[in-house]
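Data first, discussion second: the structure below is written as structure tokens.
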Amino acid sequence: MHPNVVSFVMNKNRYCLCQVSELTPGNSAIYELGSYKVALYNVDGTFFATQDHCQHKGGSLGRGMLTGPVVECPLHGWEFDVRSGDCLTQTHCKPLRLFPTFMEENMVWIEDLDGVINKEAVAKNLSIESVTDTALKIDANQHYDLHVFSCINDCNRMFFIFDFISFSKL
């Protein structure tokens, strides 16, 4: 069965995300299912799935550092246990939404018990992605500062490129 197949079994929404071999232990991946993003983690051969967005400022947990069962948000360092969804950094944070996972025919599946994922959604792997952002600041003396930030995520290896260009108008 192809990894991007949606299956409905006994009125439960089940989604096939990937082959077991595609996500090695200690790594994570992000899957977009319609408008909802799910982070999938391989913790020592056991798969766990949570919402992708951090409860704090919406950072991508699937892009965070996974150490054992703990994922660290790349934005502000909040830590979550991917097994329980509990926030380990703040006591006032509500737990992450969890998706039960199971393996069938060498494929990793999740189940959406709460119905937050669109029933027609097809899983799309977002593990390879790049983002570029620029900021141009001009001060009163017509001095220009250009800040360029690029982030390239290639199979859970993150490359950050910062560049700073400063010049004055002649």
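The values are calculated or read from the model by the stated rules, or taken from the named source; none is laboratory data. From a predicted model like this one, the values you see are computed outputs, not experimental measurements. A quick note on method: Cβ atoms are made from the backbone with ideal geometry, for glycine too, and the neighbour counts reach across all protein chains shown. What goes into the accessible areas is simple: the full protein's heavy atoms, side chains included, and nothing from ligands, DNA or RNA. Shrake-Rupley method; radii C 1.70, N 1.55, O 1.52, S 1.80 Å.
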Next item on the list: Determine whether GLU120 is more than 16 Å from the chain's Cα centre (by Cα) and not in a strand (DSSP E or B).
Entry: yes
Check: Only one residue in THR46, THR50, THR24 is modelled with pLDDT of 95 or more and over 22 Å from GLY115 (Cβ atoms), so which one is that?
Finding: THR46
Check: Among the residues of region 34-47, which ones are touching a residue at least 12 places away in the same chain (Cβ under 8 Å), closer than 15 Å to THR24 by Cα and open to solvent by 50 Å² or more (accessible area, probe 1.4 Å)?
Finding: ASP44
Note to self: Looking at region 84-107 only, could you name the residues that are part of a loop (DSSP other than H, G, I, E, B) and under 19 Å from the mean Cα position of the chain (by Cα)?
What the structure shows: SER84, GLY85, ASP86, LEU88, THR89, CYS93, LYS94, PRO95, LEU96, ARG97, PRO100
Next item on the list: Considering (1) modelled with pLDDT of 80 or more; (2) farther than 21 Å from LEU66 by Cα; (3) surrounded by 12 or more Cβ atoms within 10 Å (Cβ to Cβ); (4) of a type in the set (Asp, Glu), say which one ASP114 fails and leave the rest.
Entry: (3)
Next item on the list: Return yes when THR50 is free of Cβ contacts under 8 Å to residues at least 60 places away in the same chain and hydroxyl-bearing (Ser, Thr, Tyr) and no when it is not.
Entry: yes
Item checked: Residue list for region 68-111, filter: in contact (Cβ under 8 Å) with a residue 40 or more places away in the chain and among the polar types (S, T, N, Q) -> THR101, ASN106
Checklist line | Boolean, THR91 is surrounded by fewer than 10 Cβ atoms within 10 Å (Cβ to Cβ) and modelled with pLDDT of 50 or more | finding: yes
Notebook entry, point to check: Before we move on, is PRO74 open to solvent by 30 Å² or more (accessible area, probe 1.4 Å), assigned to a loop (DSSP other than H, G, I, E, B), closer than 17 Å to LYS37 by Cα and modelled with pLDDT of 90 or more?
Noted result: no
Notebook entry, point to check: When you go through ILE30, ILE110 one by one, which is the residue that is in contact with a Gly (Cβ under 6 Å, 6 or more places away or on another chain) and part of a strand (DSSP E or B)?
Noted result: ILE30
Item checked: Residues within region 1-21 that are at pLDDT below 90, part of a strand (DSSP E or B) and touching an Asp or Glu at 6+ places or on another chain (Cβ under 8 Å), tallied -> 4
Checklist line | In region 40-58, the residues that are in contact with a strand residue (DSSP E or B) (Cβ under 7 Å, 6 or more places away or on another chain) and either among the basic types (Lys, Arg) or in a loop (DSSP other than H, G, I, E, B) (or both) | finding: ASP52, GLN55
Next item on the list: Just give me the residues in region 49-68 being within 20 Å of VAL108 (Cα to Cα) and either open to solvent by less than 30 Å² (accessible area, probe 1.4 Å) or in contact with a helix residue (DSSP H, G or I) (Cβ under 9 Å, 6 or more places away or on another chain) (or both), in sequence order.
Entry: ALA49, THR50, GLN51, ASP52, LEU61, GLY62, LEU66
